[in-house]
1. Could you work out which residue, out of 101, 49, 122, moves most in a Gaussian network model of the chain, that is, has the largest mean-square fluctuation with Cα springs under 10 Å?
2. Among the lysines, which fall within straight-line cross-link reach of residue 53, defined as a Cα-Cα distance under 18 Å, with same-chain neighbours fewer than 8 residues apart omitted?
3. Set the Förster radius R0 to 22 Å, insert the Cβ-Cβ distance between residue 97 and residue 120 as r into 1/(1 + (r/R0)^6), and round the FRET efficiency to 0.05.
4. Nearest 500 deg cm²/dmol is fine: what mean residue ellipticity at 222 nm does the chain get from its DSSP H runs of n ≥ 4 alone, each adding -39,500 (n - 2.57), divided by its residue count?
5. Between residue 51 and residue 77, what's the calculated FRET efficiency when r is the beta-carbon distance and R0 is 35 Å? Round to 0.05.
6. Mind jotting down the three principal axis lengths of region 2-115 based on Cα atoms? Whole angstrom, largest first.
7. Pick from 50, 120, 98 the residue whose mean-square fluctuation is largest in a GNM of the chain, springs joining Cα atoms under 10 Å.
8. Considering only 103, 45, 77, give the residue with the highest GNM mean-square fluctuation for the chain, with springs between Cα atoms whenever their separation is below 10 Å.
Amino acid sequence: MTNIFVIIGSGLTIIETSWVCLLVGRFLYGMAAGSYSVFCPKYISETAPTEIKGPAGGLSQICITLGILVPFALGLSFTDVDSKTDSQKYWFIAIIFTIIPVSLAILQIALMLCVFTYDTPPVLKQKGDFVSLNTFMGKIYQPYVV
């Protein structure tokens, strides 16, 4: 659902006919970004082996912080738009920067539907699917068995 919010929000921000579309698109995109900052650390804490849970969670927080820092730093390079030529140049750059998160969201949807189709261990335990839980935990902890 979060990836769908990214796609819809990004699409709405590109529509230049109304500032309401821009506001709604930015709101949806912001909700998706906030959701990522909650869901990703939660997923890491549920699936990562105990030995790497701390570093993986720390790396997740660093990536979230860089994800906030990079757009603000890029925004510093954009000055006031005075002419029609500048406006068209900045519009092209905005479209390029919109294609990146949409492409990543589509890739994530494809991976979750085709490759990573399993639930997390707490969900499998709650469902009572102990066969899948044992198989999944074996995949996680296999490299650590001595």
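1. Highest fluctuation of the listed residues: 122.
2. Reachable lysines: 42, 139.
3. Numbers: r = 32 Å, r/R0 = 1.46.
Rounded to the nearest 0.05, the efficiency is 0.10.
4. Values: 6 runs with 119 residues, N = 146.
That calculation yields -28000 deg cm²/dmol at 222 nm.
5. Values: r = 41 Å, r/R0 = 1.18.
Calculated value: 0.25.
6. For region 2-115, the Cα extents along the three principal axes come out at 56, 29, 22 Å.
7. Most flexible of the set in this elastic network: 50.
8. Top of the fluctuation ranking is 77.
Here, each number is a calculation from the coordinates, and none is a lab measurement. Please read these numbers as outputs of a predicted model, since none were measured by experiment. When we count neighbours, we look across all protein chains shown, and the Cβ atoms used for this are built from the backbone with ideal geometry, even at glycine.
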